[in-house]
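J.: Can you keep this structure in mind? I'll have questions shortly.
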Amino acid sequence: QVQLVQSGGGLVQVGGSLRLSCAASLSVFGINVMSWHRQAPGNQRELVATATSGGSTNYADSVKGRFTISRDNAKNTVYLQMDSLKPEDTAVYYCNIVGPGGGIYWGQGTQVTVSS
């Protein structure tokens, strides 16, 4: 069974930085898209950033220029570097992959809280 184990997150002040990590239990060389999503209380889960196996990245407008997604295929890990954090970035963050057989897998979720 595929597992995604997240680490990082926590409490930070406005303008601070955090880095999230997500380690997969399978080789990600064949995984086309790895992504990060977030869900704030009362809101739907939203896509934050994606990274393809070809090196392309995409970001939600709300985080462009502040967040950076990267993947280390050798470590089967995807990262989300979050800089210039704002209170509205407060949410539970989830990593996601679509596995080789088409199964959708999520990390356990990590709380990020930005205090003003």
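The values are calculated or read from the model by the stated rules, or taken from the named source; none is laboratory data. Bear in mind the structure is a predicted one, so any value in this text is a computation, not a measurement. Every residue, glycine among them, receives a Cβ derived from its backbone with ideal geometry; neighbour counts consider all protein chains shown. Note: areas computed on protein heavy atoms with side chains; ligands, DNA, RNA excluded. Shrake-Rupley method; radii C 1.70, N 1.55, O 1.52, S 1.80 Å.
J.: What number of residues in segment 51-69 are among the β-branched types (Val, Ile, Thr) and free of Cβ contacts under 8 Å to residues at least 24 places away in the same chain? Steps first, answer last, please.
T.: To start, the set of residues in segment 51-69 that are among the β-branched types (Val, Ile, Thr) comprises 52, 57, 63, 68-69.
So of that shortlist, the ones also free of Cβ contacts under 8 Å to residues at least 24 places away in the same chain come out as 52, 57, 68.
Residues that pass the stated criteria total 3.
J.: Can you run down the residue pairs with Cβ atoms below 7 Å, 6 or more apart or on separate chains, where the first is in segment 1-30 and in a loop (DSSP other than H, G, I, E, B) and the partner is among the hydroxyl-bearing types (Ser, Thr, Tyr) and open to solvent by less than 20 Å² (accessible area, probe 1.4 Å)?
T.: Every condition considered, the pairs that remain are Gly9/Tyr93; Gly9/Thr110.
J.: In segment 70-116, what count of residues is obtained for those that are free of Cβ contacts under 8 Å to residues at least 12 places away in the same chain and not in a helix (DSSP H, G or I)?
T.: 4
J.: Can you find, within segment 12-31, the residue that is farthest from Thr90 (Cα to Cα) among those that are exposed (fewer than 14 other Cβ atoms within 10 Å of the Cβ), polar (S, T, N, Q) and modelled with pLDDT of 90 or more?
T.: Ser25
J.: Now a separate question. Would you point out the residue of segment 32-63, among those that are surrounded by 12 or more Cβ atoms within 10 Å (Cβ to Cβ) and among the small types (Gly, Ala, Ser), that is modelled with the lowest pLDDT?
T.: Ser53
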